Structures are given as C-alpha cells and as structure tokens.
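Visitor: So that we are looking at the same thing, I have put the structure below in structure tokens.
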Amino acid sequence: MADKHYLIFDLGASNGRALVAHFDGRAFTMEEVHRFENRPVRAGETLYWDVLRLYSEVQIGLQSAVHRFRDIESLAIDTWGVDFGFIDRKGRLICNPVHYRDERRNSLTTELFSIIPEEEIFRLTGMFTISIMGIFNMYALAKDDATELRHAYKYLMMPDIFNYFLTGKVANEYTNATTSDMYNQRERKWEERILDKLGVPPSIFSEAVLPGTRIGKVQKSVCAELSVPSIPIVVPATHDTASAETGIPVKDVDRNWAWLSMGTWIVSGMKTAQPILDTGTLHGGFGNEGDSEGKSFLARNITGLWIAQQCREKWMLDTGKKITWEEIVAASEQAPVLGAFIDVDDPRFGQVQADMPGVVREYCVKTGQKAPYGMAEVARCVYESLVMKFRRSFEEMMRLTGKRIELLHLVGGGSNHRLLCQWTADCMRVPVVAGPSETTAVGNLLMQLKGTGEICSLEEGRDTVIRSFRLRHHEPRKGEKWDDAYNRYTRLFQRTME
C-alpha cells in the first residue's frame, strides 16, 4: 500500500517539534518538519507559558506538513503535564497558563496540606503530591480570587487548549488529567471532594476522554486562515510521559517488564492494573500516572542526564572547545570502575550549577569517598551513580507491586548510550532492550493509528514499533562487583534514601 501520513506535535518544556510519520501498513518512519523553542515569560510577579506563540508554532508546523504532504490522515498533540488555562462562556482564553515553576504556586504546599492533607490527596488521586502539580496552581488561583477562575467556563490543560483552538471543541484527556492531582484514577472522574475543599466548581471540568479518541477536525476558520484541509484530530496520551510509555516496543505483555525513559530527567515505571495507594508509595517518592488504556503505571522521577549535561558545559567552558558525548563516554570507559558515588536525587544535583564537576567532587569528599578528578572519573561517577539509583528505584517498585522484573526497556535519548544500557543490565541482572529514542512521538503515532482504525489495539501498534526500529539487546554479564558496589552505595546513602 502507499504510505499514509500522520502529523505528530510533541511539545516539551523547553522546545517543541512537528514530525510526519510515513506508515506503510506494517512499519513507519518519521521526519521532522518544524522545530521551535518554548520559553516561559515572566510578567510582573508571575511566570507564564507563552501559549499564543506556541499555538502560532503549531500553526506553522501544520502549514509546513501540509505543504509537503497534502494527504495527512490525522494529527495529534502531546505536551508536558500539570498546567492549564480557562476559557469563558464566549470561548475566549482568559489568561496565559501559569508555568509549573512559578514561585507562587510552589510556595503553598504547607498551606494546602493544612486544608487537604497530603495523604488524602494521594489516597483520592494516586498521583505525586509535589508542588508543581496542577492542584497547587488551582489553590493559588482560588486563594487569590483570581479573575480567570471567577470567570472560568471550562478548564483546559495545555494540549486541550491547542486542540480547542484547532477544533473549537472542548475536551479533557485522561492521562493529562491525572497529573492535575484533582482526578480520581480509580473511579475515573474529577474528584469533587478535592474540588469542594478548593472552592472550585465541578462544572468547569469535562469528562476525560481516552487516548485514541477522535475529537473533531481542524475547523473551517483555521483551514481558511492557514490554507490547510480539514484534518481529523485524535487525542493521544497527551501527557508526554504516558505517550512515551505507550510507545515502548513490548513483545511479551505477559512478562513482568519495567521501563526507564531516559533524558534530562529520567522516569522509572512499571504497569499496574490499579493505582497503588499505600503510604509507602507516597513516601517513597512514587506516584501513579494514567496510561493510554485508561489504566495506570507506577512511576518515579529521577534526576537524570541533566547532571552530565551540566558537567559537559563546564568542561567545554574550561577547554574552549566542543566536547562530544562520544568523547565523554569513551573517556568514562577508561576510568577506574565503581569508585565513588553520588545520590543523584540530592537537591544540589537538580539545580543549575556553574561548576557541576566541582559539586560532584565536593559531595564525594563530604560523604567520605575519594573524589573523582578529570572528565573521565567524574563522568563515570555520574553514570554509575545513575545505574545505582535505577536499581534502588526498581527494588522499591518490586516491593510495592509484588512483581519481580524480568525485562527492562530503556527508551528516550539516553537509550543511545550503549555503555549505560549495559551497566544497567549488569547491575539489575535483567535483560535490557534499548530503543527507540523517539518513544514519545511513537506513542503519539500509535494512538493516531488506533483512532483512525489502522490498528485495533496497543499490542498491534507495538508490533509495528518492533518492525520499525532496530532495537539493541543487552544481556547481564556475570560478576559480583555490581552487588558489592551496590551494597556500599546503599550504606552510604541509607539515611537520605529512606
């Protein structure tokens, strides 16, 4: 059959892309047609998303795609989670959405927990209760008697806003709704016990639709303005983490598998039939996120390759030359094995640091270890510390779920790091499948294929992923050194990780 074309918009917190997928009925390829930056804007005391500029970039991406491929079957948009805006009764956006790093919303955790205890929020929603979640912004707006909330007719999360601009249709999507901390995953509805305590009317929320739902077409006014056809719009798993989980090329669904989405931040995850709501989940830093089938996965956020990225910036500044990731990895391979470790989730490693290698060295000295020096030793320390954190996270996850991991999928940009993948297999003592790196976009596409009837199930879609990418397999190598090192790592950071 001739290729069919699908338009994917994948918006992250720092940049966005439009890609066109070419699907021949069995496999697919992707090409980028537009890329743009996503910069927040501070106005007065508030940090906002520049939503109208982002929408203009979506329009440019749509025009670029149509200019090259007139026969686009559908389009779908995924973004980050937690953030939202409102429209009034005349359908006008009332205010720019507030950014999840806004100081005001992040300063109210203690105050909100005095009204709705943290344990109650978790019991009702199953989600993380950290200050970037949507509930904290909603509380800030309610506390301030904000104009946008007083005049709100409908609540729209970030991807919902773009879909509304394109279609004129109001819809909330399930996976992104779960990131609000106002949605009950077990009962699959907005949680009125929380909304009541916030003083927020339930009427502004719409019933959450599942990924793969076709919500409409590009409306006539947009078609006329952009000179584009009326393309069907499908909602994918609009939360990018859930979209990444959707795109994982799982071959044997009956096998106990888990995954790592490896980028600047790393998410460890495992699929569950129901949200796990015991206090160990909450206090262990885990949360339950909605998936593309209306179920849940247990997840934990880990400070990821950000640390290595910050180190690289310092090394390039010091040397005055560009240093490639290949050079860093090759150097790390020559450094002493399993020397010193850091707890990558210590707050200092999640911050912007002018001298991250120095911070790593200082931390090692402070914890009674021999400090790593030079690019090779510091890089190896960071990478091996990440592997230790992976094992720690998954050991706790196995305890919470009662399942032993039999296979680990590594996806995202970090899955291209062959050494890190092999070390993960060695330390975890489980087989690792690495790739693809573009899993979020892949998950977006799979829900479009489902929404347009090209596939009947997620399992069928994942088969197309396996046929479309060359995946790498890493078998664990024998040896006790990782177990011994992990025991040392655990003793070093037992107090901070409890």
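Visitor: If I ask for residues that are charged (D, E, K, R) and either under 22 Å from residue 318 (Cβ atoms) or not in a loop (DSSP other than H, G, I, E, B) (or both), which ones from region 343-369 would you list?
Guide: Hits for region 343-369 are 348, 355, 361, 362, 366.
Visitor: Which count do you get for residues in region 364-413 that are more than 16 Å from residue 344 (Cα to Cα) and either touching a Leu at 6+ places or on another chain (Cβ under 9 Å) or outside the structural domain of residue 324 (by TED's automatic domain parsing) (or both)?
Guide: Matching residues across region 364-413 total 10.
Visitor: Sticking with this structure for a sec: Is region 37-52 home to any residue that is touching a Gly at 6+ places or on another chain (Cβ under 9 Å) and part of a helix (DSSP H, G or I)?
Guide: yes
Visitor: I want to confirm something. Restricting to region 352-387 and keeping residues that are under 21 Å from the mean Cα position of the chain (by Cα) and more than 16 Å from residue 323 (Cβ to Cβ), which single residue is surrounded by the fewest Cβ atoms within 10 Å (Cβ to Cβ)?
Guide: Step by step, filter region 352-387, then rank; the result is 352.
Visitor: Pick out the one residue from 102, 88, 71 that is under 27 Å from residue 244 (Cβ atoms) and touching a residue at least 40 places away in the same chain (Cβ under 8 Å).
Guide: Being under 27 Å from residue 244 (Cβ atoms) and touching a residue at least 40 places away in the same chain (Cβ under 8 Å) holds for just one of 102, 88, 71, which is 102.
Visitor: For region 268-285, state whether one or more residues are of a type outside the set (Phe, Trp, Tyr), closer than 18 Å to residue 79 by Cα and under 16 Å from the mean Cα position of the chain (by Cα).
Guide: No: zero hits.
Visitor: Continuing with the same structure: Quick one: which helices (runs of 4 or more DSSP H) sit completely within region 410-498 and have at least 2 residues that are touching a His at 6+ places or on another chain (Cβ under 8 Å), at pLDDT 95 or above and crowded, with 22+ Cβ neighbours inside 10 Å?
Guide: 418-428
Visitor: Within region 224-322, considering only helices (runs of 4 or more DSSP H) that don't extend past its boundaries, which have at least 3 residues that are modelled with pLDDT of 95 or more and of a type outside the set (D, E, K, R)?
Guide: Because the criterion is at least 3 residues that are modelled with pLDDT of 95 or more and of a type outside the set (D, E, K, R), the helices (runs of 4 or more DSSP H) in region 224-322 that meet it are 240-246, 306-319.
Visitor: For residues that are modelled with pLDDT under 95 and out of contact with any helix residue (DSSP H, G or I) (no Cβ under 7 Å at 6 or more places or on another chain), scanning just region 112-131, find the one that is surrounded by the fewest Cβ atoms within 10 Å (Cβ to Cβ).
Guide: The residue in question is 130.
Visitor: I'm checking my understanding of the structure. Among residues of region 101-110 that are in a helix (DSSP H, G or I) and within 24 Å of the chain's Cα centre (by Cα), which one is surrounded by the most Cβ atoms within 10 Å (Cβ to Cβ)?
Guide: For region 101-110, the residue satisfying everything is 105.
Visitor: Against the condition of a type in the set (Val, Ile, Thr), crowded, with 20+ Cβ neighbours inside 10 Å and in the same structural domain as residue 389 (by TED's automatic domain parsing), how does residue 323 come out, does it pass?
Guide: Criteria not met by residue 323.
Visitor: Any chance region 73-93 includes a residue that's surrounded by fewer than 16 Cβ atoms within 10 Å (Cβ to Cβ) and at pLDDT below 95?
Guide: No, region 73-93 has no match at all.
Visitor: In region 1-34, which residues are part of a strand (DSSP E or B), within 18 Å of residue 57 (Cβ to Cβ) and touching an Asp or Glu at 6+ places or on another chain (Cβ under 9 Å)?
Guide: Within region 1-34, 7, 8, 9, 10, 11, 15, 16, 17, 18, 19, 20, 34 meet the criteria.
Visitor: Something else now. Residues to consider are 396, 384; find the one that is over 24 Å from residue 358 (Cα atoms) and assigned to a helix (DSSP H, G or I).
Guide: Selected residue: 396, the only one of 396, 384 that is over 24 Å from residue 358 (Cα atoms) and assigned to a helix (DSSP H, G or I).
Visitor: Which one of these is surrounded by 16 or more Cβ atoms within 10 Å (Cβ to Cβ) and within 19 Å of residue 164 (Cβ to Cβ): 33, 58?
Guide: 58
Visitor: Of the conditions (1) under 30 Å from residue 484 (Cα atoms); (2) in contact with a helix residue (DSSP H, G or I) (Cβ under 9 Å, 6 or more places away or on another chain), residue 283 clears all except one; give me its number.
Guide: With respect to (1) under 30 Å from residue 484 (Cα atoms); (2) in contact with a helix residue (DSSP H, G or I) (Cβ under 9 Å, 6 or more places away or on another chain), residue 283 is out only on (2).
The values are calculated or read from the model by the stated rules, or taken from the named source; none is laboratory data. Just so it is clear, the model here is predicted, and its values are computed rather than measured. Note that we place each Cβ from the backbone using ideal geometry, even for glycine, and neighbour counts take in every protein chain shown.
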